[in-house]
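Structure record follows, encoded as structure tokens.
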Amino acid sequence: MSIPWFKQFEKADTPKSTLHGESQPFVSYYDDPETEYRRAREQAVLIDTSFYGTLRLQGRHTLSVLHRLSTQDIQNMDSNTVQQTVLTSDRGRIMDLLRVFHGDQSTTLRISAERSATIAQWLDKYIIMDDVRINDISDSISSVFLIGPQAAQALNQIGITIPDTNVFLKEGDIIYTQCAAYPNNGFEFFGPTSVIEALCEKLLPVAQPCGRMTYETVRIEDAIPAYHFELSENYNPLEAGLISAISFTKGCYIGQEVIARLDSREKVQRQLITFKIEKEVAYADKVFLDNKEIGLITGACYSYRHHSPIARAYIKTDSLTDDATFFVMSGSEKVAAARL
């Protein structure tokens, strides 16, 4: 559900679209795409991220359950701290990358787009005698990202304290933290729609609204994985580069044996790679080395940073030699690709 406040910036010809794996349309751009991109890279922008889901967990055993079901060591999290952890299947494949906000009275999970119901059911399956209650509050929560090199300055101007890394603060009914991928240059806020809208209004003089496709361009350029694209049950966390969300000393969790075996034997078969390409390609287009299929495109965009289309792809590890020459099959056309 999008935030109504953003609608005032839509025009009659404002483009809308959907992304792979999502059903809800969104605003692609509120302004010229390059203008929005420059604001995101040089100033500060507001992005409606209400497509993320939110689960609230309560009960004495909340952290211990999450600890035994996911990759990170989180059973002793301090109050008002944030950790990333991965839910994996018994085959060690990615169910979702979660952001865990542990508070005094409850623990909040931020879930990937249109995944909250699936993750709630998956967690509930493993809660037997534990004191844990799950409440899907996604429909009552709105969220925004404030990103850009002037993001911290924007918060200072409206009197909001900058949180330390891996800590969350509260501003009334709003919970906020630093975005893990953008230390000091990115902040995530979520809470009831009315208070998020009030926050956006305060920030408007110093942060302009930004469309989802601009965010996707920034995400792909900065190699930030997202569910439905780089993260899915087709891949494991090591292939996705999520090693910082994995503890190799915590002991058992679902999928732990598979992940530990892959790590200890150095048998990660695929890696996420960014390519500079001759023309734009599409999700799931196949990547070839000579005439051998060796990977799939997970996302692509035009990159103003590289002045060229770029794409992310999972590539077989044994194909990543210094002299490798790649191409992507886009329909019936071969599109040259060079590793960045």
*For the stretch 202-211, state whether one or more residues are in a loop (DSSP other than H, G, I, E, B), modelled with pLDDT of 95 or more and either crowded, with 23+ Cβ neighbours inside 10 Å or not assigned by TED's automatic domain parsing to the domain that holds residue 43 (or both).*
yes
*For the stretch 178-197, enumerate the residues that are among the acidic types (Asp, Glu) and surrounded by 22 or more Cβ atoms within 10 Å (Cβ to Cβ).*
188
_Options 68, 41, 56: the member that is charged (D, E, K, R) and over 23 Å from residue 97 (Cβ atoms)_ = 41
*How do the pairs read when you match residues in the stretch 242-261 that are more than 12 Å from residue 73 (Cα to Cα) with residues anywhere that are buried (at least 19 other Cβ atoms within 10 Å of the Cβ) and not β-branched (Val, Ile, Thr), using Cβ under 6 Å and keeping only pairs 6 or more apart or on different chains?*
254/69; 255/92; 258/92; 259/92
*Only one of these is among the small types (Gly, Ala, Ser), crowded, with 20+ Cβ neighbours inside 10 Å and either under 23 Å from residue 243 (Cα atoms) or in contact (Cβ under 8 Å) with a residue 60 or more places away in the chain (or both): 89, 112, 64. Name it.*
112
*Give me the pairs: first residue in the stretch 141-160 and under 16 Å from residue 195 (Cβ atoms), second residue modelled with pLDDT under 95 and of a type in the set (D, E, K, R), beta-carbon distance under 7 Å, and six or more apart or on different chains, which are they?*
160/171
*Which of the following residues is in the same structural domain as residue 21 (by TED's automatic domain parsing), at pLDDT 95 or above and out of contact with any Gly (no Cβ under 8 Å at 6 or more places or on another chain): 246, 160, 174?*
160
*asked:* Can you tell me which condition residue 250 does not meet? The list is (1) assigned to a helix (DSSP H, G or I); (2) surrounded by fewer than 19 Cβ atoms within 10 Å (Cβ to Cβ), and all the others hold.
replied: (1)
*Test set (1) outside the structural domain of residue 23 (by TED's automatic domain parsing); (2) touching a helix residue (DSSP H, G or I) at 6+ places or on another chain (Cβ under 8 Å); (3) not acidic (Asp, Glu) - residue 145 fails condition number*: (1)
*Of the residues that make up the stretch 226-239, is at least one in contact with a Pro (Cβ under 7 Å, 6 or more places away or on another chain), buried (at least 17 other Cβ atoms within 10 Å of the Cβ), of a type in the set (A, V, I, L, M) and not in a strand (DSSP E or B)?*
no
*Determine the pairs where a residue that is polar (S, T, N, Q), located within the stretch 286-301, has a partner that is in a strand (DSSP E or B) with Cβ atoms under 7 Å apart, the partner being 6 or more residues away or on another chain.*
298/312; 298/313; 298/314
_Residues (touching a helix residue (DSSP H, G or I) at 6+ places or on another chain (Cβ under 8 Å), outside any loop (DSSP other than H, G, I, E, B) and among the polar types (S, T, N, Q)) located in the stretch 1-33_ = 17
*All positions within the stretch 144-194 that are among the aliphatic types (A, V, I, L, M) and within 16 Å of the chain's Cα centre (by Cα)*: 144, 146, 147, 180, 181
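The values are calculated or read from the model by the stated rules, or taken from the named source; none is laboratory data. Not measured: the values here are computed from a predicted model. All Cβ positions, even for glycine, are placed from backbone atoms using ideal geometry, and neighbour counts span all protein chains on display.
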